[in-house]
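Colleague: If you scroll down you'll find the structure; I have some questions about it.
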Amino acid sequence: MILCSVAAKHKETKQFFTMYNTLEDTKVYLEKEVSVRFSNAVLRLTSNCISTALSTSYLNYFNVLQLVIFCVSKILCVCCR
């Protein structure tokens with residue numbers, strides 16, 4: 001009886017750690033990906049060759065990136081609780 005209880009708790013704990021590590025790896029990957037995309041967008045925006053129309057589209061791109069960062073952080077906060 002106790003052995004079954006310990007085995008079940010062990011399985012539950014193992015699943016929790018697996019899920020946590022998967023979420024942590026996903027978070028790190030997404031942070032790196034967003035960072036690379038954001039820095040690329042900054043480089044493109046700061047270049048002198050961009051016309052006004054292009055800079056407007058890049059500003060929209062920034063807004064989308066900020067929204068993605070916000071959503072990912074909210075999802076990870078909810079999942080890691």
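Colleague: Identify, from the list Val28, Val36, Val42, the residue that is under 21 Å from the mean Cα position of the chain (by Cα), at pLDDT 80 or above, more than 17 Å from Leu76 (Cα to Cα) and surrounded by 10 or more Cβ atoms within 10 Å (Cβ to Cβ).
Modeller: The match here is Val36.
Colleague: For Leu65, state whether it is over 18 Å from the mean Cα position of the chain (by Cα), modelled with pLDDT of 70 or more, assigned to a helix (DSSP H, G or I) and farther than 26 Å from Tyr20 by Cβ.
Modeller: No.
Colleague: Would you mind stating whether Lys14 is at pLDDT below 90, in a helix (DSSP H, G or I) and closer than 29 Å to Lys74 by Cβ?
Modeller: So Lys14 fails the test.
The values are calculated or read from the model by the stated rules, or taken from the named source; none is laboratory data. Everything quoted here is computed from the prediction, not taken from an experiment. Cβ sites come from the backbone with ideal geometry, for glycine too, and all protein chains shown count toward neighbours.
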